[in-house]
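One structure is given below, encoded as structure tokens.
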Amino acid sequence: MPGRAAPLEAIPEVFGHIHSTESFSTVDGPGVRFLVFTQGCAMRCSFCSNPDTWSAHGGELVSSKDLANQIRRVLPYLKSSHGGLTCSGGEPLLQPQFTAALFREARAMGLTTTLDTTGQGTKHKNWDVVLPHTDGALFCIKSLDPEKYQGMTGLKQIGALRFAHELTERGIPFWARYVLIPGHTDSDRDIGMLAEWAARMPTLSGVELLPYHVYGKNKWEAMGLQYPLEGVQTPGAAAVRAVVSRLERAGLTVLCDAAAPAGLSAAHTGAHC
Ligand code: SF4
């Protein structure tokens, strides 16, 4: 929470690899947010918009103190909107000390902290380092079907579910992000499983439904990789609205720009989902 700040001198300087930053996001947590996209991800999602974040050794090596100074320059509008810092990726939980240092800097400035994650690093309980400094999370749950999850991401689903459980145990509010991919995550069974799981998450604020888009395809091609979802189209507005209605009927709060999926912000093309 803002105000639970440690003195600045108590926060260590930690170096981390980042892909990029954005100083004005309105769709990745409350208020206006400074976004840090960390470098490195162990997943290989078939719909990934940013395969250039996969390599843990790429990106730019930066100091948490230098990033904190960048945040300070835009502090007035972050504060006036009750916004803060969001760490996305790549996967911020794969650089836990760096992410925690950034979150501590943000809290010391009176900002809120949001973790945009898929819950990686569960095996090593990286959450123990980061979650004590986390006010809220955006958690991308790729699929509730364990086989589909592994097929879409290359990783087992169990770690992600454990992470979601950890969020609830610690009382951390979170939004579940879900990518609606025609023929992959949009069947009656898929949506039913999502609704059922969401209903069992006591700190879940709601579901953010993200219609699949093809904006990342050119990056795969530029990296010499075959795009796995060749031929899959963005879902139509009516199909998206039908899923929104179904989730709402199940009692869930749903965020979705159903009428104009192509108008989603650049941030939504660059983060996990
Ligand atoms: S969508 Fe996110 S979690 Fe999946 S491979 Fe890309 S960066 Fe990693």
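The values are calculated or read from the model by the stated rules, or taken from the named source; none is laboratory data. Everything numeric in this text was worked out from a predicted model, so none of it was measured. No Cβ is skipped: glycine too gets one built from the backbone with ideal geometry, and neighbour counts run over all protein chains shown. Calculation scope for accessible area: heavy atoms of the full protein, side chains included, ligands and nucleic acids excluded. Shrake-Rupley method; radii C 1.70, N 1.55, O 1.52, S 1.80 Å.
Here are the numbers for the structure shown:
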| quantity | calculated |
| --- | --- |
| Expected 222 nm ellipticity per residue - DSSP helices of 4 or more, -39500 (n - 2.57), all of the chain, to 500 | -9000 deg cm²/dmol |
| For the range 14-269, fraction of C-alpha pairs farther apart than 29 Å, in % | 26 percent |
| Total formal charge among the other residues, if their Cβ is under 11 angstrom from that of THR86, Lys/Arg +1 and Asp/Glu -1 | -3 |
| Gaussian network model of the chain, springs between alpha carbon atoms under 10 Å - residue of ARG44, ARG107, ARG170 with greatest fluctuation | ARG170 |
| Dipole magnitude of the range 14-269, debye to nearest 20 (Cβ charges: Lys/Arg +1, Asp/Glu -1, about Cα centre) | 380 debye |
| Within the accessible area of the chain (1.4 Å probe), percent carbon and sulfur | 54 percent |
| Cross-link reach list, lysines versus LYS217, counting only Cα pairs under 30 Å and skipping chain neighbours closer than eight places | LYS142, LYS148, LYS156 |
| Choice from GLY192, GLY119, GLY136 with maximal GNM fluctuation in the chain (Cα, 10 Å cutoff) | GLY192 |
| Stretch in the chain that is longest and holds no GluC sites (Glu not before Pro) that DSSP places in a loop and that have at most 13 other beta carbons within 10 Å | 14-229 |
| Per residue solvent-accessible surface (Å²) - the chain, probe of 1.4 Å | 42 Å² |
| DSSP beta bridge pairing in the range 14-269, given as percent antiparallel to the nearest 5 | 25 percent |
| Candidate residues SER245, SER80, SER46: accessible-area rank, largest first, probe 1.4 Å | SER80, SER245, SER46 |
| Relative contact order for the chain, counting Cα pairs under 8 Å that sit 6 or more residues apart, in percent | 19 percent |
